[in-house]
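Structure, as structure tokens:
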């Protein structure tokens with residue numbers, strides 16, 4: 001039976017591959033680096049409208065900001081049995097000038113956070129963005145400053161437990177409006 005011969009050859013080849021890969025599976029973190037942690041934007045903190053004081057209608061919008069995209073990298077530094085993982089994330093925002101924007105500028109805060117580290121201070125990094133709309137321009141793309149989050153992992157931990165979340169720092173009212181408007 002030609003079919004049985006082909007199957008037995010495939011089984012032998014598979015066994016050889018398993019034997020070759022077994023030492024790789026036994027590697028320690030000193031011989032390989034895990035992939036970077038995942039980075040996600042929080043849906044409720046991805047965009048908001050900032051209103052002038054006391055305003056609630058469309059005519060009262062000072063500016064609107066949206067987390068558009070991000071890029072980043074990570075690095076690992078061994079410190080005994082612990083690895084320091086540093087994640088750098090650079091966000092890009094779309095900012096629109098609203099009808100109530102009298103000064104031609106906008107200022108907002110954004111963050112990168114790792115819930116697994118809460119409430120440790122290294123679990124959340126924030127930065128401010130201050131922009132001035134050019135004359136006659138109502139929408140700008142802004143590349144934010146890099147946010148750097150560093151955390152330790154032991155050699156037996158999985159880096160996937162340290163997901164990084166990005167978002168815009170908002171007031172409780174802005175968060176409630178985002179959730180209500182969905």
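The values are calculated or read from the model by the stated rules, or taken from the named source; none is laboratory data. On a predicted model such as this, the values are computed, not experimentally measured, just so you know. Glycine also receives a Cβ, built like all others from the backbone with ideal geometry; neighbour counts cover every protein chain displayed.
Worth a mention:
- Residues in segment 173-181 include at least one that is surrounded by 14 or more Cβ atoms within 10 Å (Cβ to Cβ), over 20 Å from the mean Cα position of the chain (by Cα) and assigned to a helix (DSSP H, G or I).
- Of all residues in segment 129-164, those that are more than 23 Å from residue 101 (Cβ to Cβ) and either in contact with a helix residue (DSSP H, G or I) (Cβ under 8 Å, 6 or more places away or on another chain) or not in a strand (DSSP E or B) (or both) total 14.
- Of all residues in segment 83-92, none are within 20 Å of residue 45 (Cβ to Cβ) and free of Cβ contacts under 8 Å to residues at least 24 places away in the same chain.
- Test: residue 112 is under 24 Å from residue 76 (Cβ atoms), touching a residue at least 40 places away in the same chain (Cβ under 8 Å), in a helix (DSSP H, G or I) and touching a strand residue (DSSP E or B) at 6+ places or on another chain (Cβ under 9 Å): no
- Scanning segment 36-63 for residues that are out of contact with any helix residue (DSSP H, G or I) (no Cβ under 6 Å at 6 or more places or on another chain), touching a residue at least 60 places away in the same chain (Cβ under 8 Å) and part of a strand (DSSP E or B) returns 39, 40, 41, 47, 49, 50.
- Residue count for segment 138-156, restricted to those that are farther than 21 Å from residue 121 by Cα and at pLDDT below 95: 2.
- Search result, residues across segment 93-115 that are surrounded by 15 or more Cβ atoms within 10 Å (Cβ to Cβ) and closer than 22 Å to residue 36 by Cα: 110, 111, 112, 113, 114
- Segment 65-88, subset crowded, with 19+ Cβ neighbours inside 10 Å and modelled with pLDDT of 95 or more, residue farthest from residue 178 (Cα to Cα): 70
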